[in-house]
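Participant: Got a structure for you, written out below as structure tokens; questions coming shortly.
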Amino acid sequence: MPSASPHPPFLSCFCLRVPFRNMSLSWALWSLPSCWFVQHSLVLLCFVAVVFKLVVLCMQRRNAFRNFEAFTGPPGHWLFGHVMQFKQDGTDMDLVVKWGEQHPYAFTLWFGPFVCYINIHHPDYVKSILTSTEPKDDFIYKFIKTWIGDGLLVSHGQKWFRHRRLLTPGFHYDVLKPHIKLMSESAKTMLDKWECYSSTGESFELFKHVSLMTLDTIMKCAFSYNSNCQTESGTNKYIKSVYELTNLINLRFRTFPYHSDLIYYLSPHGFRHRRACKVAHSHTEEVIRKRKETLKQENEPEHNPTKRNMDFLDILLLARDENQQGLSDEDIRAEVDTFMFEGHDTTASGISFILHTLACYPEHQKMCREEIAQVMDGKDIMEWEDLGKMPYTTMCIKESLRLFPPVPGMARKLTKPITFFDGRTLPEGSLIGTSVYALHRNATVWENPNVFDPLRFLPENTSKRSPHAFVPFSAGPRNCIGQNFAMNELKVVVALTLRRYQLIEDPTRKPKIIPRLVLRSLNGIHIRIKALDA
């Protein structure tokens with residue numbers, strides 16, 4: 001009896017006619033049904049996965065409507081939500097303020113068809129969120145993690161609590177005091193470079209100069225690293241990478257298909273993001289490597305460096321918890337990336353808008369200058385004791401931070417239900433955005449909110465307002481750990497600048513405000529200057 005054919009019956013007739021030397025063809029024909037089955041199985045599997053994802057997203061959209069039914073919002077497109085209404089032309093922040101006027105306390109904002117935030121802009125609502133330990137949301141901030149890792153900005157739970165406790169000593173006033181001299185030196189380098197603009201009287205863009213200066217400062221103060229970034233020729237690669245990353249992250253947030261990690265990874269923008277991350281990470285890794293070499297050479301006893309002042313990086317490398325466990329190499333790099341970015345870019349935004357604002361209000365600039373001249377009394381650099389002797393200048397700085405907060409918004413995700421003071425409730429899992437920009441211009445809190453009035457921050461006026469009406473450095477347990485460092489730098493740079501130059505507005509180039517990770521201007525921030533002894 002002949003043996004059973006190894007081929008399927010409907011292919012046997014073909015196989016019998018194939019010569020032995022063409023066995024490869026026989027095998028190919030035999031494998032056709034198998035290939036067909038695999039291909040169609042994959043197609044079916046992909047189809048099921050897509051349908052499943054769509055069902056999940058539709059349920060997410062339905063739940064958002066149900067969860068946020070107590071809140072109203074501006075009308076949006078069924079597919080794009082409110083994304084298309086943000087034109088990226090310098091009017092977006094004014095639009096948010098306008099919507100805030102129409103919807104007291106809070107309003108809904110849709111980014112695409114499935115992601116909805118409750119955007120809050122009133123102190124009583126802000127208090128409920130910022131006094132909690134609710135984590136940063138896992139939607140916006142996950143786009144930042146590939147850059148700055150799981151550092152203090154985005155971590156949560158026990159990890160955040162442990163890192164916050166270990167890093168807090170890095171911002172004790174004993175650590176901050178020696179920084180004033182370093183801040184003064186960096187500011188002086190920048191002001192020396194401005195001599196050419198003083199002699200010609202031409203308008204120039206502030207932000208790029210201030211960014212280099214604040215990067216120089218954070219490198220010296222936090223990492224004891226002399227980068228010479230202000231005097232080296234060409235464009236600083238790290239600064240350039242930060243600009244590109246903040247723009248790419250904003251683009252990804254606004255582009256719904258880019259919310260998919262796979263689609264973004266395969267896109268040209270994803271490639272640019274990875275390339276910029278590589279530059280930023282190389283920069284921080286070099287800083288860490290050199291410090292480890294220095295610590296090894298100096299053989300410093302733990303927590304007691306004798307040859308130089310202890311800085312933030314020392315504390316990162318030497319910190320130990322109650323179990324004598326330090327931070328991992330990954331955690332150290334994440335914190336260095338976080339503070340390298342936050343320690344220079346947010347401060348650069350604040351300083352740039354402060355100097356521009358003082359240029360626009362010469363009467364306030366004059367009063368600040370007179371106060372500074374009296375405090376410094378002929379000295380070339382600021383001293384620690386001088387920082388508390390400039391009340392009017394400090395009020396002007398705070399008023400500029402009110403109008404132009406360096407971080408224009410924050411976002412949290414609820415891990416438990418919350419009920420606001422007016423009785424409205426949000427369930428667990430809700431996304432909440434705090435619009436700091438709209439909060440600081442809320443007409444129910446601030447009289448004539450668009451007017452520059454430093455006297456708002458007189459002690460008697462401040463005491464009448466909610467402490468959550470002014471939150472340029474956030475508030476509550478997750479407030480900015482480096483806010484004292486930042487305020488010190490703002491005071492030093494403003495004082496040294498006004499002592500040397502008169503700031504003059506360029507009315508032909510008014511800033512066009514755009515929200516990125518920090519507040520920026522689409523067309524730059526331009527001023528003119530004039531030497532005081534000219």
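Participant: So how many residues does region 425-470 have that are of a type in the set (S, T, N, Q) and in contact with an Asp or Glu (Cβ under 6 Å, 6 or more places away or on another chain)?
Facilitator: 0
Participant: Looking only at region 106-123, which residues are under 13 Å from residue 440 (Cα atoms) and either open to solvent by 20 Å² or more (accessible area, probe 1.4 Å) or assigned to a loop (DSSP other than H, G, I, E, B) (or both)?
Facilitator: 121, 122
Participant: Could you please find all residues in region 363-395 being free of Cβ contacts under 8 Å to residues at least 60 places away in the same chain and within 23 Å of residue 446 (Cβ to Cβ)?
Facilitator: Hits for region 363-395 are 363, 367, 391.
Participant: I'm trying to understand the selection: among the residues of region 218-238, which are in a helix (DSSP H, G or I) and either modelled with pLDDT under 85 or open to solvent by 40 Å² or more (accessible area, probe 1.4 Å) (or both)?
Facilitator: Once the filter is applied, which keeps residues that are in a helix (DSSP H, G or I) and either modelled with pLDDT under 85 or open to solvent by 40 Å² or more (accessible area, probe 1.4 Å) (or both), region 218-238 yields only 237.
Participant: Regarding residue 214, is this residue open to solvent by less than 10 Å² (accessible area, probe 1.4 Å) and touching a residue at least 40 places away in the same chain (Cβ under 8 Å)?
Facilitator: Answer is yes for this residue.
Participant: Which residue out of 307, 366 is over 30 Å from residue 237 (Cα atoms), out of contact with any Lys or Arg (no Cβ under 6 Å at 6 or more places or on another chain) and at pLDDT 95 or above?
Facilitator: 366
Participant: Another question about this same structure. In contact (Cβ under 8 Å) with a residue 24 or more places away in the chain, more than 19 Å from the chain's Cα centre (by Cα) and open to solvent by less than 40 Å² (accessible area, probe 1.4 Å): which single residue out of 241, 198 fits that description?
Facilitator: 198
Participant: Would you call residue 426 among the aliphatic types (A, V, I, L, M), touching a Phe, Trp or Tyr at 6+ places or on another chain (Cβ under 8 Å) and either within 28 Å of residue 336 (Cα to Cα) or surrounded by 18 or more Cβ atoms within 10 Å (Cβ to Cβ) (or both)?
Facilitator: For residue 426, the condition - among the aliphatic types (A, V, I, L, M), touching a Phe, Trp or Tyr at 6+ places or on another chain (Cβ under 8 Å) and either within 28 Å of residue 336 (Cα to Cα) or surrounded by 18 or more Cβ atoms within 10 Å (Cβ to Cβ) (or both) - is met.
Participant: On the basis of being among the charged types (D, E, K, R), modelled with pLDDT under 90 and closer than 27 Å to residue 379 by Cβ, does residue 192 make the cut?
Facilitator: Taking the combined requirement at face value, the residue does not satisfy it.
Participant: So, of the residues in region 388-402 that are open to solvent by less than 10 Å² (accessible area, probe 1.4 Å) and in a helix (DSSP H, G or I), which turns out to be farthest from residue 191 (Cα to Cα)?
Facilitator: 402
Participant: Here are the criteria: (1) exposed (fewer than 15 other Cβ atoms within 10 Å of the Cβ); (2) under 25 Å from residue 141 (Cα atoms). Tell me which single one residue 370 does not satisfy.
Facilitator: (2)
Participant: What are the residues in region 124-148 that are more than 13 Å from residue 479 (Cα to Cα), in a loop (DSSP other than H, G, I, E, B) and open to solvent by 20 Å² or more (accessible area, probe 1.4 Å), if any?
Facilitator: 138, 139, 140, 141
Participant: If we only count helices (runs of 4 or more DSSP H) wholly inside region 250-355, which ones have 3 or more residues that are open to solvent by less than 50 Å² (accessible area, probe 1.4 Å) and either touching a residue at least 40 places away in the same chain (Cβ under 8 Å) or under 30 Å from residue 79 (Cα atoms) (or both)?
Facilitator: 268-298, 312-318, 329-341
Participant: On to the next question. Take the conditions surrounded by 19 or more Cβ atoms within 10 Å (Cβ to Cβ) and under 13 Å from residue 498 (Cβ atoms) and apply them to residue 412. Does it pass?
Facilitator: no
Participant: If you check every pair at least six apart or on different chains, which have Cβ atoms under 7 Å apart with a residue in region 92-103 that is in contact (Cβ under 8 Å) with a residue 12 or more places away in the chain and loosely packed, with under 15 Cβ neighbours inside 10 Å first and a residue that is in a helix (DSSP H, G or I) and hydrophobic (A, V, I, L, M, F, W, C) second?
Facilitator: Nothing qualifies.
Participant: Of the residues in region 434-480, how many are open to solvent by less than 30 Å² (accessible area, probe 1.4 Å) and under 24 Å from residue 156 (Cα atoms)?
Facilitator: Looking only at that region, the number is 9.
Participant: Of the numbered conditions (1) out of contact with any Lys or Arg (no Cβ under 7 Å at 6 or more places or on another chain); (2) at pLDDT 95 or above, residue 399 fails exactly one; give the number of that condition.
Facilitator: (1)
The values are calculated or read from the model by the stated rules, or taken from the named source; none is laboratory data. Because the structure is a prediction, the values reported are computed rather than measured. For neighbour counting, all protein chains shown are included, and Cβ atoms are generated from backbone atoms with ideal geometry for every residue, glycine included. Note: areas computed on protein heavy atoms with side chains; ligands, DNA, RNA excluded. Shrake-Rupley method; radii C 1.70, N 1.55, O 1.52, S 1.80 Å.
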